[in-house]
1. Just one of (1) buried (at least 20 other Cβ atoms within 10 Å of the Cβ); (2) touching a strand residue (DSSP E or B) at 6+ places or on another chain (Cβ under 8 Å) trips up residue 453, so point out which.
2. Of the conditions (1) surrounded by fewer than 20 Cβ atoms within 10 Å (Cβ to Cβ); (2) over 30 Å from residue 436 (Cβ atoms); (3) in contact with a helix residue (DSSP H, G or I) (Cβ under 7 Å, 6 or more places away or on another chain), residue 394 satisfies every one except a single condition; which number is it?
3. Would you mind telling me which numbered condition in (1) modelled with pLDDT of 95 or more; (2) surrounded by 18 or more Cβ atoms within 10 Å (Cβ to Cβ); (3) more than 26 Å from residue 215 (Cα to Cα) residue 52 fails?
4. Does residue 339 satisfy the condition of being within 24 Å of residue 206 (Cα to Cα) and assigned to a helix (DSSP H, G or I)?
5. Please count how many residues of the stretch 397-425 are closer than 21 Å to residue 439 by Cα, surrounded by 19 or more Cβ atoms within 10 Å (Cβ to Cβ) and over 22 Å from the mean Cα position of the chain (by Cα).
6. For the stretch 352-369, which positions are part of a helix (DSSP H, G or I) and over 15 Å from residue 182 (Cα atoms)?
7. Applying the selection to the stretch 290-329, what residues are without any contact (Cβ under 8 Å) to a residue 12 or more places away in the chain and outside any helix (DSSP H, G or I)?
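The values are calculated or read from the model by the stated rules, or taken from the named source; none is laboratory data. Just so we're clear, the structure is a prediction, and the values are computed from it rather than from any experiment. Cβ sites come from the backbone with ideal geometry, for glycine too, and all protein chains shown count toward neighbours.
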């Protein structure tokens, strides 16, 4: 009996061992089938759910649009309240989320792919990497529909939004719109190869070009300017703590506790004294120095050890969230000083945006427009070279324009100029020498400092790994690109073999999906849209079909 039991244990161990062996074919099969699982639409009740804000679902439609016919049936079918927004929105911040009776989903006309897990809406920068995967998987109609949704957002909600929820009406995300427009327009399968199809493609590009210009203007508003540098910064037009953190009530208290425990770590001015349950007089003072306790339950809970967070911290916290890297120590503790920096990533993306607009203008026979956009790109690259390039280190670095100094934080976004085309050939050669700052067995780490936060060491994410790999490819460093692509996909394969899921982030030091975040935002989300897309694109870099 004991021998039989031992044999059974050996068989189980053998099966488990085989099951846990990385199998790229199994990963690919999962990804090919996952697009349908992650697709949402306004006629799907599941699309309306928002676990970040636990309330009865509300669907808002633009004031000027009226309720679309397909939405009429949602109220009885999905038990959702359909409400028209109170006014037309021209730009970010025109309508304050707190002016609405409840948080809700913003209507979009076409189906879209969500990241997964708690992220059950269409996100700004996620969608670029998702779109790359959709096109690689020959789902061109879904990809085009998502770009059309972004054009709808610009037209009716003022800009490409962080995501289509009302609490994102005050901020955008890293601007990839023109890259998405070009990806769709340049794909032969997006439009029929007929005279009528060519006419439709040109009309679509004209429409996209006009709205992309409006979206670009978001980044040239005074609030988005990094002083007099000619560069841009991240900025959210809202105030106080973000409402979507209501499902993570420990985040802001965690930040306060860390700042109290590390008084010499650069969090100057982030804390203000305050009671857990302030009286009316103190609440009025905190409204000016911290946040409005009466207006925000998240603000009320943001207390620990006799302290609250300062108003300036919340400005930086919101700016960090627009950057997509939430949170990290890239811009000081918990990136609370994000609004004081001109970031390499944002300005690289805007440079690419300007060059893309010039290219599209050429296609549309608008030579004066093309000259204008190329001039703007030339000005931006000159400013980036002046303020961000560190020749001794061979890197581009974020520029703290309030103190007139470049950041010493080694961060993976220093590689964005490769992808965007900002870096010269000589600079690219120097930058490749610095890959060791981030390269780990499982891909590229976000930074070389372990802070316990999800956007720092030892974590690697699909979008930044892809931007780096695509940049290396574009600058002729193909062996480096292929090596990193293999390492990242191997990490995804290892994670999938372990638990049958694809994750939003990975531990690239260990080369697996074992992610433990010690401080702040601790969610570990399964899905995952941009990882699926990047995995497929990495296969192309490796020459795997």
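1. Answer for residue 453: the failing condition is (2).
2. Residue 394 satisfies every listed condition except (2).
3. Among (1) modelled with pLDDT of 95 or more; (2) surrounded by 18 or more Cβ atoms within 10 Å (Cβ to Cβ); (3) more than 26 Å from residue 215 (Cα to Cα), residue 52 violates only (1).
4. Values: within 24 Å of residue 206 (Cα to Cα): no; assigned to a helix (DSSP H, G or I): yes.
No: the conditions fail for residue 339.
5. 1
6. Those that are part of a helix (DSSP H, G or I) and over 15 Å from residue 182 (Cα atoms): 367, 368, 369.
7. Keep residues of the stretch 290-329 that are without any contact (Cβ under 8 Å) to a residue 12 or more places away in the chain, which gives 294, 300.
Of everything in the stretch 290-329, just one residue is without any contact (Cβ under 8 Å) to a residue 12 or more places away in the chain and outside any helix (DSSP H, G or I), namely 294.
So that you can scan it fast, the table gives a plain yes or no per residue for (1) surrounded by 14 or more Cβ atoms within 10 Å (Cβ to Cβ); (2) touching a residue at least 12 places away in the same chain (Cβ under 8 Å); (3) in contact with a strand residue (DSSP E or B) (Cβ under 9 Å, 6 or more places away or on another chain):
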| site | (1), (2), (3) |
| --- | --- |
| 220 | no, yes, yes |
| 224 | yes, no, yes |
| 232 | yes, yes, yes |
| 238 | yes, yes, no |
| 242 | yes, yes, no |
| 246 | yes, yes, no |
| 254 | yes, yes, yes |
| 258 | yes, yes, no |
| 264 | no, no, no |
